[in-house]
Amino acid sequence: MTAPKRSRLVPEVDFDRDGVQRGFVRLFHSTHASAYGFIPIPIVVIRNGDGPTALFVSGNHGDEYEGQVALSELARELRAEDIRGRVIILPMANYPAAMAGRRVSPIDDANLNRIFPGDPDGTVSQQIAWFITEQLIPRADLVCDLHSGGSSLMYSPCALMTKFADEKRTETLRQALIAFGAPLAYIAEPAQGQGADQTLGGVAARQGVLALGTELGGAGTVTPAAVQMARRGVRNLLVHLGILPESARLAPPSPTRLLGVAPDAFLYAPENGVFEPLAAPGDMVEAGQPAGRIHFPESPGLAPVAFAFPGGGYVLCRRVPARTMRGDCLFGLGVDLG
Ligand code: CA
């Protein structure tokens with residue numbers, strides 16, 4: 001019998017010590033510029049006695065900044081005496097990608113959120129994924145992975161979850177989603193026929209841990225509204241878990257509008273060219289409504305290709321850069337859940 005594979009990463013924090021600890025997880029990486037050095041992945045652990053554990057993650061994709069801002073603030077402000085239980089914060093999960101401001105790691109070109117559970121003996125990104133899978137998720141009662149649209153997409157800020165096969169677990173998770181207090185929330189169906197879910201949330205769900213996420217905005221920028229939504233959401237989740245008292249709850253500006261998967265959820269570029277969008281995040285669109293045009297400025301006289309939404313719904317996200325290749329995702333849609 002082989003021993004379970006342990007992470008090679010070395011946390012500077014003690015997960016079982018009371019108080020606030022701010023430090024780094026050391027990922028030793030020998031390079032031309034630094035023979036014996038380590039990659040310092042920031043981590044904060046706040047603990048006050050026994051109780052539930054919440055794990056908050058941002059910078060899983062390095063070009064998504066709203067969550068990094070909100071979690072850095074939480075890591076500075078939350079005091080041990082304010083809580084019961086434990087809060088673990090990983091504000092720049094894919095640290096090399098986050099420092100480079102890129103979705104994928106500049107070291108191994110890996111997309112952290114597509115390689116879970118990771119590999120303790122693998123590349124830098126695979127080792128980070130394994131550390132989260134083996135060392136962090138099993139300690140958590142709830143995981144919240146704060147994403148946004150990144151460089152290529154802009155979202156209508158929303159919280160999100162994926163259903164379980166088990167209805168009771170789905171309802172427990174839905175209660176946490178509502179507690180987050182986002183104006184908009186998206187409930188995804190479990191992936192079918194595409195192999196195992198290789199996201200952080202997917203591996204957490206397989207470990208039996210409640211996993212929520214967000215899409216806070218995107219376009220490689222930060223907006224005060226998106227940061228405020230994340231700030232409110234993480235604190236409200238701590239109240240929901242009983243880690244913060246009821247008095248710490250931040251009232252949402254509106255009830256949560258719940259969206260589900262649209263029959264035609266994604267619209268892809270039909271040609272290579274310059275994308276002119278004819279709808280924006282937050283719009284309600286109908287089947288057959290013009291969605292956009294692809295222009296060909298390299299071919300004078302060639303008319304643009306126009307395309308329409310095949311089905312109706314709420315525009316959750318749209319592509320940001322105009323220069324587009326066939327197959328790029330241009331729009332994502334949801335539909336209201338009655
Ligand atoms: Ca993302």
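The values are calculated or read from the model by the stated rules, or taken from the named source; none is laboratory data. Note that the structure is predicted; figures quoted are calculated from it, not measured. Cβ coordinates were reconstructed from backbone atoms using ideal geometry, including for glycine residues, and neighbour counts include every protein chain displayed. Protein only, heavy atoms only, side chains kept; ligands, DNA and RNA dropped before computing areas. Shrake-Rupley method; radii C 1.70, N 1.55, O 1.52, S 1.80 Å.
Quick look at the numbers
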| read-out | value |
| --- | --- |
| Residue, most open to solvent (accessible area, probe 1.4 Å), within region 174-201, restricted to residues that are closer than 24 Å to Pro52 by Cα and among the polar types (S, T, N, Q) | Gln175 |
| Residue satisfying all of: in region 202-225; closer than 29 Å to Pro117 by Cβ, of a type in the set (Gly, Ala, Ser) and surrounded by fewer than 24 Cβ atoms within 10 Å (Cβ to Cβ); nearest to the chain's Cα centre (by Cα) among these | Gly202 |
| Cβ pairs under 7 Å, 6+ apart, first in region 103-115 and open to solvent by less than 40 Å² (accessible area, probe 1.4 Å), second of a type in the set (Lys, Arg) and within 11 Å of the ligand (Cβ to nearest atom) | Asn111/Arg103 |
| Residue, nearest to Ala225 (Cα to Cα), within region 34-65, restricted to residues that are within 16 Å of the ligand (Cβ to nearest atom) and out of contact with any strand residue (DSSP E or B) (no Cβ under 7 Å at 6 or more places or on another chain) | Tyr65 |
| Qualifying positions in region 136-169 - away from the ligand (no atom under 16 Å from the Cβ), outside any loop (DSSP other than H, G, I, E, B) and open to solvent by 20 Å² or more (accessible area, probe 1.4 Å) | Pro138, Arg139, Glu167, Lys168, Arg169 |
| Lone qualifier among Arg79, Arg84, Arg114 - being out of contact with any Leu (no Cβ under 6 Å at 6 or more places or on another chain) and either within 14 Å of the ligand (Cβ to nearest atom) or closer than 24 Å to Thr223 by Cβ (or both) | Arg114 |
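Quick grid of which residues meet (1) β-branched (Val, Ile, Thr); (2) touching a residue at least 40 places away in the same chain (Cβ under 8 Å); (3) under 26 Å from Asp108 (Cβ atoms):
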residue	(1), (2), (3)
Phe15	no, yes, no
Val25	yes, yes, yes
Phe28	no, no, yes
Asp50	no, no, no
Val57	yes, yes, yes
Glu64	no, yes, yes
Ala80	no, yes, no
